[in-house]
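The values are calculated or read from the model by the stated rules, or taken from the named source; none is laboratory data. If you're wondering where the values come from, they're calculated on a predicted model, not measured in any experiment. Reconstructed Cβ throughout: ideal geometry from the backbone, glycine too, with neighbour counts over all protein chains shown. The protein model used for the area step is the full one, side chains on, heavy atoms only, and it has no ligands, DNA or RNA in it. Shrake-Rupley method; radii C 1.70, N 1.55, O 1.52, S 1.80 Å.
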Amino acid sequence: MEEYLNYISFGKKIDLIIRTPSGAIRFFSTFKSQDENKIVITKPISKNLAFSCVANQPVEIYAYTNGGIFKLKCKFLSCSQNECVLSLPSLVEKMQRREYIRVNLKVKTILTLINSGYKKTIHATSRNISAKGINLLLDEDISSYSKIELKLLFEEESITTLAQKIKVKPIKNNGKLYYDTSLAFVTINEKGINFIVKKCFEFEAAQRRKMLDSEL
């Protein structure tokens, strides 16, 4: 159950959820430490509410890590001016396998389309991406092409993989016809998977920080 300690360590930003009859209340915090008796976090904050919790109140911790999204069910024990103490988790749930996290990260992409010796190259930008695949909004239907090669142009490096069509759906936007296109990565290697996972979680963390900053 303590696998999460491989991913949640000092300084890791976390969400703390308190569930009430009127709905869930979300606070932001940072993991400080854990020993054989307790978990210590920074005092949770929110733009709209001062943190308040009674002893033994069930709370949930959500941590977005490069090993997946971990949900810890704990109990609130006590709080000082700067930090709070929680019980060790009664339940740890790994909510999402790391390779399946999908984020709205914009990545420049080159598609090489091949069919019966004919080759065509088009440029696009991802709408969202995971380590398993990508979604693009294209000007044309690529369903007829038998082979698709993708080159993902991240700032740090590029990743090349063959792709398989999952969905090509015509949609209209401002009176113009586009194609909502989902592709799965076929020949991507472990290094490429790990790199995309890293970028997805970095993006997720950056979005979370923006949300926190906007609420302060």
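Numbers at a glance
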read-out: Qualifying positions in the range 149-163 - modelled with pLDDT of 95 or more and of a type outside the set (A, V, I, L, M, F, W, C); value: Glu149, Lys151, Ser158, Thr160, Thr161
read-out: Phe70 being modelled with pLDDT of 95 or more, more than 30 Å from Ile148 (Cα to Cα) and among the hydrophobic types (A, V, I, L, M, F, W, C); value: no
read-out: Count of the range 22-68 residues which are in contact with a helix residue (DSSP H, G or I) (Cβ under 7 Å, 6 or more places away or on another chain) and on the phi > 0 side of the Ramachandran plot; value: 1
read-out: Selected residue (only one of Ala63, Ala24, Ala50 is among the aliphatic types (A, V, I, L, M) and within 22 Å of Val103 (Cα to Cα)); value: Ala63
read-out: Residues of the range 131-166 satisfying the condition of being without any contact (Cβ under 8 Å) to a residue 24 or more places away in the chain and either among the basic types (Lys, Arg) or assigned to a strand (DSSP E or B) (or both); value: Ser158, Thr160, Gln164, Lys165
read-out: Residue list for the range 25-58, filter: aliphatic (A, V, I, L, M) and closer than 23 Å to Phe201 by Cβ; value: Ile39, Ile41, Ile45
read-out: Every pair of residues 6+ apart whose Cβ atoms lie under 7 Å, when the first sits in the range 196-208 and is touching a residue at least 40 places away in the same chain (Cβ under 8 Å) while the second is assigned to a helix (DSSP H, G or I); value: Val197/Arg98; Val197/Glu99
read-out: Every pair of residues 6+ apart whose Cβ atoms lie under 8 Å, when the first sits in the range 48-69 and is in contact (Cβ under 8 Å) with a residue 24 or more places away in the chain while the second is acidic (Asp, Glu); value: Asn48/Glu215; Ile61/Asp15; Tyr62/Asp15; Ala63/Asp15; Tyr64/Glu204; Gly67/Glu3
read-out: Any hit, the range 96-105, residues being under 20 Å from the mean Cα position of the chain (by Cα), part of a strand (DSSP E or B), closer than 23 Å to Gly68 by Cα and at pLDDT below 95; value: yes
read-out: Condition check for Ser9: surrounded by fewer than 18 Cβ atoms within 10 Å (Cβ to Cβ), polar (S, T, N, Q) and part of a loop (DSSP other than H, G, I, E, B); value: yes
read-out: Residue pairs meeting the criteria (Cβ under 8 Å; at least 6 apart or on separate chains; first within 13 Å of Ile193 (Cα to Cα), in the range 90-112; second at pLDDT 85 or above and in a strand (DSSP E or B)); value: Arg102/Asn128; Arg102/Ile129
read-out: In the range 19-60, the residues that are more than 22 Å from the chain's Cα centre (by Cα), open to solvent by 80 Å² or more (accessible area, probe 1.4 Å), farther than 20 Å from Tyr4 by Cα and of a type outside the set (Ser, Thr, Tyr); value: Arg19, Pro21, Lys47, Asn48, Leu49, Ala50, Val54, Asn56
read-out: Contacts under 6 angstrom Cβ, first residue in the range 116-130 being surrounded by fewer than 16 Cβ atoms within 10 Å (Cβ to Cβ), partner assigned to a strand (DSSP E or B) and not small (Gly, Ala, Ser), 6 or more apart; value: Lys120/Leu113; Thr121/Thr112; Ile122/Leu111; His123/Ile110; Thr125/Lys108
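For every residue, the table says whether it meets (1) open to solvent by 40 Å² or more (accessible area, probe 1.4 Å); (2) over 26 Å from Glu204 (Cα atoms).
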{"site": "Tyr145", "(1), (2)": "no, yes"}
{"site": "Leu150", "(1), (2)": "no, no"}
{"site": "Phe154", "(1), (2)": "no, no"}
{"site": "Glu157", "(1), (2)": "yes, no"}
{"site": "Asn173", "(1), (2)": "yes, yes"}
{"site": "Ala184", "(1), (2)": "no, no"}
